[in-house]
Amino acid sequence: WSKTLARTGCRNVCSSPSRLQSMSAWVIDQYGSSGVLRHTEEIPIPTVNFAHDVMINVSAASLNPLDLNMRGGYGATLLNLRRDPLSLVNSFSEFPLILGRDLSGVVVDCGSGVTHFAPGDEVWAAIPPWKQGSLAEYVTLTEYEVSYKPESLSHIEAASIPYVANTALSALVNAGGLCRENSFNKRVLITGASGGVGTFSIQLLKAWGAHVTVTCSQNAEGLVRGLGADEVVDYTAGDVAEKLDMMERFDVILDNVGEDTEEWAMRLLKPWSGAKYVTLVSPLLLNTDSMGLLDGSLHAGLTLHNKAFQNITSSGVFYRWAFYAPDGPTLDEVSRLVDAGKILPVVEAQFPFSQVPQAFQKLEQGHARGKTVVEVA
Ligand code: NDP
């Protein structure tokens with residue numbers, strides 16, 4: 001602890017992390033663009049308060065498009081309801097807000113009911129969006145959100161995976177109906193495959209024996225082929241829908257792009273065979289932010305219902321939205337695939353903790369080729 005104490009300047013010099021008072025973190029005090037990020041050493045340490053809490057000393061975190069969006073206020077209406085369901089606290093009680101949705105680190109304290117983890121364990125996790133994030137020295141989660149980090153990865157490498165893994169598995173398994181047992185030779189199309197979710201999804205599907213077609217820019221072809229993609233379509237050269245139309249139809253489409261994709265993607269699915277279009281780009285949180293909780297949820301629900309109904313009745317294909325779902329046991333399975341060499345981390349850029357604003361700038365430039373990681377400790 002002496003190293004941590006020296007670096008953070010914590011006021012209480014003691015051996016137990018739960019007796020420290022403050023920690024180093026990057027926070028925002030209001031929603032906005034790059035200028036709202038602030039470094040502080042005065043954030044109260046999130047100590048163990050409940051029997052199933054696990055307190056983690058963060059070694060590395062990674063950034064995702066969600067961090068950029070949350071920095072601007074995306075999802076605040078719904079997330080604040082989850083943070084404070086009875087609205088007992090004043091508005092803006094989410095501040096100072098810590099971003100960063102995934103971590104790799106070391107357990108430092110556990111609640112009395114935790115049996116699976118102990119101080120000293122190396123773990124990784126994806127953090128629910130309503131909880132304080134990983135751009136901080138410590139994070140406290142429930143044990144169900146935490147998993148043992150793959151032994152074969154460094155903390156930097158490990159931090160690149162949990163959020164995209166939980167998202168991809170939620171989309172492909174829960175919404176797409178795929179799993180290890182039924183994916184062999186299934187034809188899957190991934191749009192926007194060169195980013196965080198795509199580079200993970202290609203590898204997972206190849207580990208499960210699926211046939212994977214992807215769309216990406218021409219300069220990402222080497223990356224996605226190296227990860228196992230069977231067929232690659234460059235969306236920057238000509239009409240991507242026309243090229244995909246000439247291929248055999250698909251069982252599942254995972255859409256990481258949104259925009260007009262669903263207008264042409266539905267006809268690429270095998271009709272009347274249980275084929276599914278799953279998009280990660282849904283208007284739910286945008287609707288609740290702009291229309292309020294009730295109207296926004298109703299509007300989103302109606303949109304989903306109408307699209308699903310139209311597609312199932314006209315061509316027998318399922319239309320679904322998918323969401324990131326933090327889950328420790330799911331990461332256990334991913335950990336085994338990583339240690340078996342079937343899934344590799346794809347770290348495009350790495351920044352020290354002092355350069356979190358630069359890491360956000362990198363993310364803002366777009367054109368991700370895998371993940372941007374921050375070394376916290
Ligand atoms: P990234 O930013 O890591 O990757 C996006 C990738 O798509 C980039 O490599 C980009 O490269 C490529 N791309 C952009 N436009 C196109 C296009 N028209 N066709 C093909 N490729 C394109 O994002 P993530 O992988 O982390 O996430 C993907 C999407 O899913 C994001 O919109 C994100 O917000 C959303 N998401 C939603 C979640 C949910 O819970 N609903 C959870 C996680 C992610 P280039 O521009 O160079 O081609």
- Query: Being of a type in the set (S, T, N, Q), at pLDDT 95 or above, over 28 Å from Val334 (Cβ atoms) and not in a helix (DSSP H, G or I), is that true of even one residue in the stretch 208-218?
  - Reply: no
- Message: Return the residues of the stretch 174-183 that are hydrophobic (A, V, I, L, M, F, W, C) and either within 13 Å of the ligand (Cβ to nearest atom) or crowded, with 18+ Cβ neighbours inside 10 Å (or both); say none if nothing qualifies.
- Response: Ala175, Leu178
- Residue list for the stretch 244-265, restricted to those being of a type in the set (D, E, K, R), within 12 Å of the ligand (Cβ to nearest atom) and surrounded by fewer than 16 Cβ atoms within 10 Å (Cβ to Cβ): Glu259, Asp260
- Query: Hey, among Thr303, Thr330, Thr313, which residue is at pLDDT 95 or above, within 16 Å of the ligand (Cβ to nearest atom) and over 24 Å from Asn166 (Cα atoms)?
  - Reply: Thr303
- For the stretch 235-242, does any single residue satisfy the condition of being under 30 Å from Tyr148 (Cα atoms) and without any contact (Cβ under 8 Å) to a residue 12 or more places away in the chain? no
- Message: Return the residues of the stretch 184-207 that are part of a loop (DSSP other than H, G, I, E, B) and within 12 Å of the ligand (Cβ to nearest atom); say none if nothing qualifies.
- Response: Gly192, Ala193, Ser194, Gly195
- Do we have Ile45 as away from the ligand (no atom under 16 Å from the Cβ), β-branched (Val, Ile, Thr) and within 23 Å of the chain's Cα centre (by Cα) here? no
- Query: Which condition does Gln365 not pass, out of (1) within 16 Å of the ligand (Cβ to nearest atom); (2) more than 27 Å from Thr236 (Cα to Cα); (3) out of contact with any Ser or Thr (no Cβ under 8 Å at 6 or more places or on another chain), if it passes all the others?
  - Reply: (2)
- Note on the structure: Cβ pairs under 9 Å, 6+ apart or interchain, first in the stretch 147-173 and among the acidic types (Asp, Glu), second surrounded by fewer than 24 Cβ atoms within 10 Å (Cβ to Cβ) and part of a strand (DSSP E or B), ordered by first then second residue, are Glu151/Glu122; Glu157/Val347
- Message: Suppose we keep only residues that are assigned to a helix (DSSP H, G or I) and not aliphatic (A, V, I, L, M) within the stretch 63-77. Which one would you say is nearest to the ligand (Cβ to nearest atom)?
- Response: Pro65
- Answer residue from the stretch 336-377, given it is assigned to a loop (DSSP other than H, G, I, E, B) and of a type in the set (D, E, K, R) and is surrounded by the most Cβ atoms within 10 Å (Cβ to Cβ) among those: Arg369
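Rundown of residues vs (1) modelled with pLDDT of 95 or more; (2) exposed (fewer than 13 other Cβ atoms within 10 Å of the Cβ); (3) farther than 27 Å from Glu348 by Cα, yes/no style:
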{"position": "Leu5", "(1), (2), (3)": "no, no, yes"}
{"position": "Thr8", "(1), (2), (3)": "no, no, yes"}
{"position": "Pro17", "(1), (2), (3)": "no, no, yes"}
{"position": "Asn49", "(1), (2), (3)": "yes, yes, yes"}
{"position": "Arg82", "(1), (2), (3)": "no, yes, yes"}
{"position": "Pro96", "(1), (2), (3)": "yes, no, yes"}
{"position": "Leu103", "(1), (2), (3)": "yes, no, no"}
- Note on the structure: Those residues of the stretch 208-227 which are among the hydroxyl-bearing types (Ser, Thr, Tyr) and within 8 Å of the ligand (Cβ to nearest atom) amount to Thr215, Ser217
- Note on the structure: Reported set for the stretch 265-311 where residues are closer than 19 Å to Thr191 by Cβ, in contact (Cβ under 8 Å) with a residue 24 or more places away in the chain and not charged (D, E, K, R) is Ala265, Met266, Leu268, Leu269, Ala275, Tyr277, Val278, Thr279, Leu280, Val281, Ser282, Asn311
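The values are calculated or read from the model by the stated rules, or taken from the named source; none is laboratory data. Quantities reported herein were computed from a predicted structural model and do not represent experimental measurements. So basically every Cβ, Gly included, is an ideal-geometry build from the backbone, and we count neighbours across all protein chains shown.
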